[in-house]
1. Of all residues being outside any loop (DSSP other than H, G, I, E, B) and within 9 Å of the chain's Cα centre (by Cα) in segment 43-60, which is surrounded by the fewest Cβ atoms within 10 Å (Cβ to Cβ)? Just the residue, please.
2. Go through Leu22, Leu95, Leu40 for me and flag whichever is under 11 Å from the mean Cα position of the chain (by Cα) and either open to solvent by 30 Å² or more (accessible area, probe 1.4 Å) or modelled with pLDDT of 85 or more (or both).
3. Are there any pairs, at least 6 apart or on different chains, whose C-beta atoms fall under 7 Å, with the first in segment 50-67 and within 14 Å of Glu94 (Cβ to Cβ) and the second assigned to a loop (DSSP other than H, G, I, E, B) and open to solvent by less than 50 Å² (accessible area, probe 1.4 Å), and if so, which?
Amino acid sequence: MTVPVDTNTPAVYVSVQAQSILHLGLSQSSHLDEWGISRLAMIPSLVSLDLSHNSYITERCLIPLQFLPNLQKLNITGIKYFTDQPLALTFLEELLPNCVITADNDILKTDH
């Protein structure tokens, strides 16, 4: 199941009933923040997640993604608030060992 999200809403609210979502596109969500991303951990079925071009995402915001056991694809292209993008990619590789991560000028496939 793919769920479109209205990116003009002030926050992302994920209910327990959303546990069957496989693909979630949150690209250009102007209000997506650490709290909103932490709610994504409530969707263990999630296989792909697009967080590209979000204004308020930092490395710290992505920590809850480690609780998504089925996540295979993550798009973080265009995120500008990483302190150090190469270090952030290394950090994500450790958090998400079975995930292909797409970022600016990089596609990181983990081999763990």
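1. Kept after step one, since they are outside any loop (DSSP other than H, G, I, E, B), are these residues of segment 43-60: 48-50, 60.
With the extra rule that they be within 9 Å of the chain's Cα centre (by Cα), the set shrinks to 48-50.
Working: Ser48: 17, Leu49: 23, Asp50: 20.
Of everything passing the filter in segment 43-60, Ser48 is surrounded by the fewest Cβ atoms within 10 Å (Cβ to Cβ).
2. Values: Leu22 fails: under 11 Å from the mean Cα position of the chain (by Cα); Leu95 fails: under 11 Å from the mean Cα position of the chain (by Cα).
Answer to the selection: Leu40.
3. Glu59/Phe82; Leu65/Leu71; Leu65/Leu96; Gln66/Leu96
The values are calculated or read from the model by the stated rules, or taken from the named source; none is laboratory data. Remember, predicted model here, so these are calculated numbers, not experimental data. No Cβ is skipped: glycine too gets one built from the backbone with ideal geometry, and neighbour counts run over all protein chains shown. Accessible surface areas use protein heavy atoms only, side chains included; no ligands, DNA or RNA. Shrake-Rupley method; radii C 1.70, N 1.55, O 1.52, S 1.80 Å.
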